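Notes follow once the structure below has been shown.
Values quoted throughout were computed directly from the atomic coordinates according to the rules given, and no laboratory measurement underlies them. Computed from a predicted model, the values in this text were never measured in an experiment.
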Amino acid sequence: MKESVCLDIVPLYFDKIWDSIVKHYFDSEFICTLLMVCKNHYQVLSADDFAKKMLANKPEKKAPEFTSKKKLKMLHLTDMHVDLNYKV
C-alpha cells in the first residue's frame, strides 16, 4: 500500500521536486564548492550533533515513581479526522 501512495504522489509533486533538485545541485555556489574551486559556502550539519548541543545543558529528567500498585488504563487518540478526498 505504501508503494502505491508514493507512485500516486510523485506525479502530483514532480515539478516541485524537480525544481528543488535543480536549484540545489545545479546552483553555481554548490558546484563551485563541490569542485573545490572556491571557498566552502555550505556547512554540513548533523542532526545528532545539533540535538546533543541543544540538550547539553538540560537537567536529566528522573522517571516518575508510582506509589500505587494499581494498573492505569488509558486510551490516547490523536489527529482524528475524516479525509473525504483520500484515494485508496
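Quick one, which of [x] -0.33, -0.79; [y] -0.83, -1.03; [z] -0.60, -0.94 is the actual log10 I(q)/I(0) by the Debye sum over Cα atoms at q = 0.11, 0.18 Å⁻¹ calculated for this model? Only one listed value fits the structure, namely [y].
Total lysine pairs in the chain at Cα distances under 25 Å, for residues eight or more apart or on different chains: 15. The angle between the Cα long axis of helix 2-25 and the longest principal axis of the Cα atoms of the chain comes to about 50 degrees, rounded to the nearest 10. Between Asp49, Asp15, Asp27, the GNM of the chain built on Cα springs shorter than 10 angstrom shows Asp49 fluctuating the most. Only Cα pairs within less than 10 Å get springs; with that Gaussian network setup on the chain, which residue of Leu45, Leu35, Leu75 has the largest fluctuation? Fluctuation is largest for Leu75.
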